[in-house]
Amino acid sequence: MIMKVHMAHPFDHARSSVKKWGGLEKDYLKIHEWFDETKAWIGHSKHRLFRHHSEGIFECENVFGKSFINSDNRKVYVRYVGERHVKEDCNGYIPTAKEWIDGLKEPKEWMIKTIKIED
Ligand SMILES: [Zn+2]
């Protein structure tokens with residue numbers, strides 16, 4: 001396994017996908033950009049908590065479909081592309097969304113307290 005210490009760019013993931021399934025970077029770029037677009041929301045690596053987990057991979061399938069045909073005329077499963085992306089970013093692991101949340105620090109009161117608004 002390749003050890004990575006820097007934040008991977010969507011294009012790095014696309015290059016990795018080509019190595020695995022053939023075709024061209026552009027066949028995969030939209031998927032990898034989707035995973036990483038939440039970086040713009042918070043600007044550091046914790047952005048991964050939004051989509052870099054097993055539920056996020058299913059969400060990715062809902063957006064891009066189960067499979068597509070790449071430029072080498074080969075059928076590629078979106079789920080596998082997503083799994084590889086998450087593993088590349090999360091030290092070879094696919095966490096659940098719950099594991100991400102449980103891994104964060106003490107919750108603020110507004111995160112857990114619901115209220116009833118009367119007027
Ligand atoms: Zn990522």
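Points worth noting:
- Prolate/oblate/rounded call for the chain, Cα gyration tensor, a/c under 1.5 rounded: prolate
- Percent accessible area from carbon and sulfur atoms, the chain, protein chains only, probe 1.4 Å: 55
- Electrostatic dipole magnitude of the chain [Cβ: Lys, Arg +1; Asp, Glu -1; Cα centre; debye, to 20]: 420
- Prolate/oblate/rounded label for region 13-53 (Cα gyration tensor, a/c 1.5): prolate
- Straight-distance candidates among the lysines for linking to Lys87, with alpha-carbon spacing under 26 Å and chain neighbours fewer than 8 residues away dropped: Lys4, Lys19, Lys20, Lys26, Lys30, Lys39, Lys46, Lys66, Lys75, Lys98, Lys105.
- The chain, helix-only ellipticity at 222 nm - DSSP H runs n ≥ 4, -39,500 (n - 2.57), divided by all residues, nearest 500: -13000 deg cm²/dmol
- Shape class of region 41-98 from the alpha-carbon gyration tensor: prolate, with a/c at 1.5 or above and a/b greater than b/c.
- Whole-number accessible area per residue in Å² for region 34-119, which is evaluated in the context of all protein chains at 1.4 Å: 72
- Taking trypsin sites (Lys or Arg not before Pro) across region 1-109, the ones in a DSSP loop with at most 13 further Cβ atoms lying within 10 angstrom of their Cβ are Lys4, Lys66, Arg74, Lys105, Lys108.
- Square roots of five times the Cα gyration tensor eigenvalues for region 5-73, Å: 22, 15, 9
The values are calculated or read from the model by the stated rules, or taken from the named source; none is laboratory data. From a predicted model like this one, the values you see are computed outputs, not experimental measurements. Virtual Cβ from ideal backbone geometry, glycine too; neighbours counted across all protein chains shown. Note: areas computed on protein heavy atoms with side chains; ligands, DNA, RNA excluded. Shrake-Rupley method; radii C 1.70, N 1.55, O 1.52, S 1.80 Å.
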